[in-house]
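Asks: To start, I am sharing the structure in question, which I have written as structure tokens.
The values are calculated or read from the model by the stated rules, or taken from the named source; none is laboratory data. Being a predicted model, the structure only gives us computed values, none of them experimental. Positions of Cβ are backbone-derived with ideal geometry, glycine not excepted, and every protein chain shown enters the neighbour counts. With ligands, DNA and RNA removed, areas are computed over all heavy atoms of the protein, side chains included. Shrake-Rupley method; radii C 1.70, N 1.55, O 1.52, S 1.80 Å.
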Amino acid sequence: MRPKGAVSSIKWKIFGAFAVFTAIMLVLLWFFQVVFLESFYKATKISEIQSKTHELCETIGDSGFSTRLKTIAQERQICVIVSDVAGNRLYSEHAVPECAIHKLGPWALATIYMVTEQNGGSYFERFKWEQGISEPGSDMPIKKSVPESIVYAETVQTSQGKVMILMNSMITPVGSTVETLRLQLLSVTSIMLLLAILLAWFLSRKISRPIISISKTAQEMASGDYSVEFDGSGYKEAYELSETLNDTVQELSKVDRLQKDLIANVSHDLRTPLTLIEGYAEVMRDIPGENTPENVQIIIDETARLSSLVNDLLDISRLQSGTLKLEKEVFSITEAVREILGRYTKLTDYEISFSAAEEIFVCADKLKISQVIYNLVNNALTYTGEDKRVMLEQETEEGKVRISVTDTGEGIPQDKLLDIWERYYKVDKAHKRAQIGTGLGLSIVKTILDMHGGAYGVESQEGVGSTFWFELDIVKNPEENS
Ligand code: ADP
């Protein structure tokens, strides 16, 4: 058994997993919304200005070029200058007041042109400067910080010669945005944490409740109370588990009841012959002339009854523990039935018949199959009616032989037909003759036939009688197979 402390409750496990998940989500949100926001924004801006320059390069000769240039400048807040190699402006769109390129003269533009050409046709620069503004009445210019600019230039060949497209976009500081987001995220984080805790608590309770209830009931069951009922309502898996456990507890209570019955039966069954043996032996010792063969026979019969009882108990325990192996051989089942019936010839007041059209061979454990036949015939003799008739029949169909044993007794109620195969089960415990049995005979039959893979069953009609049957595979050429 694992130590209790090493295993934490499912409630806390679910709760913990949920809390970790929420924490990771929040950390991710913080990183993307606060820490990386500026770099994302800058990267987007750079890629935007580059793609717009490419777009203009491609449409430079078209008639709608100047309109396109205006639209881009207004929509994207980008300043654009198109100049020739000497720095003369061919087109110019001014969209942002603090733009860096509109202050440039022809000489500066020509220099950028040159640098762009040297650079392989494109040029990119990011810079930030401080603008000096002279306030009226003050000698010293006040330094005013201007947002960071990104400048991108590309040279392109047109029908009138090579020109340069120069663009300027501003990077608005994200500081204030980040601050707003941070405040928002703080409230979102608190609300999410609260919701996550509530949800985790609710979920873990919902999932663990049926399990806790099942576990409590199982503890009661383990202490020997088989009247408990498992309740796993809540979700499918727990419900199925509780249903399985309900079936198990029913089975356990049945076995428990049957076992208690067995102890009562066995002690009763052992006591009756023992009392008789003791009584007769004492009479024979104390009273002269009582030492008769009849009295000795009674002692022998009672001893035989005792040993058959003990044998039954041994058989069932060996068969059901799986220690007994089948020793298969090819033999005539017809002959085996005849042999067994031969042992009953002394029961002159019983009429036992056997109908078999031909001799049939099977491959099975002869000793165990004989025990099956013996048990079925014994039961039939025990429970048959006043006419004391028992009929055995051998039939063949589709490569199988069926041996059936029919009696004319009281029959078995339909609802008990399945139970009689259980260990220690007796339909009518008050039945005078049933008191002799242990309730193990049919359980032995069932186990042996299951081991052989043979079909078996019973048909019974109350007041008319019962037919017990079993089937085995026929061996066609017994000489070859033996
Ligand atoms: P037992 O040793 O008590 O006969 P079995 O396992 O052979 O035990 O049979 C279980 C129960 O099935 C019996 O107690 C009896 O109630 C019922 N039973 C078995 N065979 C017959 C039969 N031929 N007719 C009526 N009831 C039968």
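Asks: With the requirement that a residue be surrounded by 14 or more Cβ atoms within 10 Å (Cβ to Cβ) and in a helix (DSSP H, G or I), what does segment 56-70 give you?
Replies: Those that are surrounded by 14 or more Cβ atoms within 10 Å (Cβ to Cβ) and in a helix (DSSP H, G or I): L56, C57, F65, R68, L69, K70.
Asks: Right, something else. Looking at the structure I just gave you, is V427 part of a loop (DSSP other than H, G, I, E, B) and within 12 Å of the ligand (Cβ to nearest atom)? Show your work before the answer.
Replies: Working: part of a loop (DSSP other than H, G, I, E, B): yes; within 12 Å of the ligand (Cβ to nearest atom): yes.
Considered against the rule, which asks whether it is part of a loop (DSSP other than H, G, I, E, B) and within 12 Å of the ligand (Cβ to nearest atom), V427 comes out as yes.
Asks: Condition (residue is open to solvent by less than 50 Å² (accessible area, probe 1.4 Å), under 26 Å from S460 (Cα atoms), at pLDDT 90 or above and outside the structural domain of R271 (by TED's automatic domain parsing)) applied to segment 315-331: is it met by at least one residue?
Replies: No, there is no match, as no residue in segment 315-331 is open to solvent by less than 50 Å² (accessible area, probe 1.4 Å), under 26 Å from S460 (Cα atoms), at pLDDT 90 or above and outside the structural domain of R271 (by TED's automatic domain parsing).
Asks: Moving to a separate point now. Listed residues R271, R257, R305, R285; which is open to solvent by 80 Å² or more (accessible area, probe 1.4 Å), of a type outside the set (A, V, I, L, M) and under 21 Å from V445 (Cα atoms)? Outline the logic, then answer.
Replies: On the way: R271 fails: under 21 Å from V445 (Cα atoms); R257 fails: under 21 Å from V445 (Cα atoms); R285 fails: under 21 Å from V445 (Cα atoms).
Among R271, R257, R305, R285, only R305 is open to solvent by 80 Å² or more (accessible area, probe 1.4 Å), of a type outside the set (A, V, I, L, M) and under 21 Å from V445 (Cα atoms).
Asks: Any residue that is over 45 Å from the mean Cα position of the chain (by Cα), away from the ligand (no atom under 16 Å from the Cβ), more than 21 Å from A455 (Cα to Cα) and open to solvent by 30 Å² or more (accessible area, probe 1.4 Å) - is there at least one of those in segment 348-356? Give the steps one after another, and end with the answer.
Replies: Applying the first criterion (over 45 Å from the mean Cα position of the chain (by Cα)) to segment 348-356 yields 348-356.
The next check asks that each one be away from the ligand (no atom under 16 Å from the Cβ); those that pass are 348-349, 354-356.
In the following step, the residues that additionally are more than 21 Å from A455 (Cα to Cα) were identified as 348-349.
Next, only the ones that are open to solvent by 30 Å² or more (accessible area, probe 1.4 Å) stay: 348-349.
Yes, that holds for at least one residue.
Asks: Identify, from the list T303, T345, the residue that is without any contact (Cβ under 8 Å) to a residue 60 or more places away in the chain, under 29 Å from R423 (Cβ atoms) and outside any strand (DSSP E or B). Even if it seems obvious, please write down each step before you answer.
Replies: Details: T345 fails: under 29 Å from R423 (Cβ atoms).
Result: T303 is the single residue among T303, T345 that is without any contact (Cβ under 8 Å) to a residue 60 or more places away in the chain, under 29 Å from R423 (Cβ atoms) and outside any strand (DSSP E or B).
Asks: Also: Being surrounded by 21 or more Cβ atoms within 10 Å (Cβ to Cβ) and either under 40 Å from the mean Cα position of the chain (by Cα) or within 8 Å of the ligand (Cβ to nearest atom) (or both) is the filter here, so list the residues in segment 377-410 that pass it.
Replies: Residues satisfying the conditions are N379, A380, Y383, T384, V405, D407, G409.
Asks: Any idea how many residues of segment 461-471 are surrounded by fewer than 20 Cβ atoms within 10 Å (Cβ to Cβ) and not in a loop (DSSP other than H, G, I, E, B)?
Replies: The initial filter retains those residues of segment 461-471 that are surrounded by fewer than 20 Cβ atoms within 10 Å (Cβ to Cβ), namely 461-464, 467, 469.
Remaining after also requiring not in a loop (DSSP other than H, G, I, E, B): 461, 467, 469.
Qualifying residue count for the region: 3.
Asks: Considering only segment 411-420, how many residues are at negative phi and crowded, with 18+ Cβ neighbours inside 10 Å?
Replies: Going through segment 411-420, the residues at negative phi turn out to be 412-420.
Subsequent filtering for residues that are crowded, with 18+ Cβ neighbours inside 10 Å retains 412, 420.
Going through segment 411-420 one residue at a time, the tally reaches 2.
Asks: Let me ask something additional. Output the number of the condition that S370 fails; it satisfies all remaining conditions of (1) within 49 Å of the chain's Cα centre (by Cα); (2) open to solvent by 50 Å² or more (accessible area, probe 1.4 Å); (3) closer than 22 Å to T467 by Cβ.
Replies: For S370, the exception is condition (2).
Every residue, every condition in (1) at pLDDT 90 or above; (2) under 25 Å from V266 (Cβ atoms); (3) within 11 Å of the ligand (Cβ to nearest atom), yes or no:
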position: K432; (1), (2), (3): no, yes, no
position: I436; (1), (2), (3): no, yes, yes
position: L442; (1), (2), (3): yes, yes, yes
position: V445; (1), (2), (3): yes, yes, yes
position: H452; (1), (2), (3): yes, no, no
position: L472; (1), (2), (3): yes, no, no
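Asks: Of the numbered conditions (1) among the polar types (S, T, N, Q); (2) open to solvent by less than 70 Å² (accessible area, probe 1.4 Å); (3) in the same structural domain as K162 (by TED's automatic domain parsing), S39 satisfies every one except a single condition; which is it?
Replies: Of everything listed in (1) among the polar types (S, T, N, Q); (2) open to solvent by less than 70 Å² (accessible area, probe 1.4 Å); (3) in the same structural domain as K162 (by TED's automatic domain parsing), S39 misses just condition (3).
Asks: Could you say which residue among S227, S215, S223 is more than 30 Å from D419 (Cβ to Cβ) and free of Cβ contacts under 8 Å to residues at least 40 places away in the same chain?
Replies: Details: S227 fails: more than 30 Å from D419 (Cβ to Cβ); S223 fails: more than 30 Å from D419 (Cβ to Cβ).
Within the list S227, S215, S223, the selection yields S215.
Asks: Further, regarding this structure: Please pick out the residue among T71, T155, T53 that is at pLDDT 85 or above and closer than 24 Å to S39 by Cα. Reasoning before the result, please.
Replies: Numbers: T71 fails: closer than 24 Å to S39 by Cα; T155 fails: closer than 24 Å to S39 by Cα.
Going through T71, T155, T53 in turn, just one is at pLDDT 85 or above and closer than 24 Å to S39 by Cα: T53.
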